[in-house]
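The values are calculated or read from the model by the stated rules, or taken from the named source; none is laboratory data. The model shown is predicted, which means the values in this text are computed figures rather than measured ones. Here Cβ is always computed from backbone atoms with ideal geometry, including for glycine, and neighbour counts include all displayed protein chains.
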């Protein structure tokens, strides 16, 4: 199938199958997103960081854990593109490997919390009554505390480390998704297509999983993308405070914590991982704004 033929097939006004209609919807979403230059810039930066994380062993110029005290605190040069830290380790290599840890934590949190929040919100909104009240009061308890403070409390009760940080962030990140999914469910639970499925004898769980949750997914995707920036900051904040990834792991927040005393003279040691955190947060925010304009019907 040629490019023009595929384009016409995807933009057909009368899809011949459900598969064609699904792909047409995805293609139209991409065309709308492509018109947003800032969203494309965010997508490019985010994908670049993911590529760096995946191929860090190939892109790193040095072993990120090897120390060379005779080469400590060297400025950026041809031998060390972003300089060296207080132990003579290559900063570029540590930032590249640090992308694996920081972005890996973000992906792990999203994979954990998005389905949980979606399921809780859809179940509460569809069922209503006492189940709705109980689930939403639990959600309100978690929302009453700032995310970082609550994550600090959870990590303090566990052993500091990457796994503990992921679990703590996940425990504090799901309530907004539940609230959003509940609001979407309340909007559609009395719709005609839901009533028709109910009359056909579908069970409540089948209705929630097969007919309600898919309608809520676009809004949840937008919220997830926007939330990724705050997850990056929370993960880096826990690392900076010594409750996340532990040295010598090259996590961005931990790198800033160990290098903060050199920020005035050897600025690159702390500034470079800070720039990485800033770019990751900005990229996810720009991409989230673009997806909101494309996927959220209220924004069209």
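Which one of these is surrounded by fewer than 20 Cβ atoms within 10 Å (Cβ to Cβ), in contact (Cβ under 8 Å) with a residue 40 or more places away in the chain and within 24 Å of residue 99 (Cα to Cα): 186, 152, 135? Let's see the steps before the verdict.
Values: 186 fails: within 24 Å of residue 99 (Cα to Cα); 135 fails: within 24 Å of residue 99 (Cα to Cα).
Result: 152 is the single residue among 186, 152, 135 that is surrounded by fewer than 20 Cβ atoms within 10 Å (Cβ to Cβ), in contact (Cβ under 8 Å) with a residue 40 or more places away in the chain and within 24 Å of residue 99 (Cα to Cα).
Out of 174, 205, 130, which single residue is modelled with pLDDT of 85 or more and out of contact with any helix residue (DSSP H, G or I) (no Cβ under 9 Å at 6 or more places or on another chain)? Talk me through it step by step, then tell me what you get.
Numbers: 174 fails: out of contact with any helix residue (DSSP H, G or I) (no Cβ under 9 Å at 6 or more places or on another chain); 205 fails: out of contact with any helix residue (DSSP H, G or I) (no Cβ under 9 Å at 6 or more places or on another chain).
The match here is 130.
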Note to self: Given the criteria free of Cβ contacts under 8 Å to residues at least 24 places away in the same chain, part of a helix (DSSP H, G or I) and farther than 20 Å from residue 104 by Cβ, does residue 292 qualify?
What the structure shows: no
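Only residues that are surrounded by 15 or more Cβ atoms within 10 Å (Cβ to Cβ) and in a loop (DSSP other than H, G, I, E, B): list them for region 57-66, please.
Initial filter on region 57-66 (surrounded by 15 or more Cβ atoms within 10 Å (Cβ to Cβ)): 59-60, 62, 64.
Within region 57-66, 60, 62, 64 meet the criteria.
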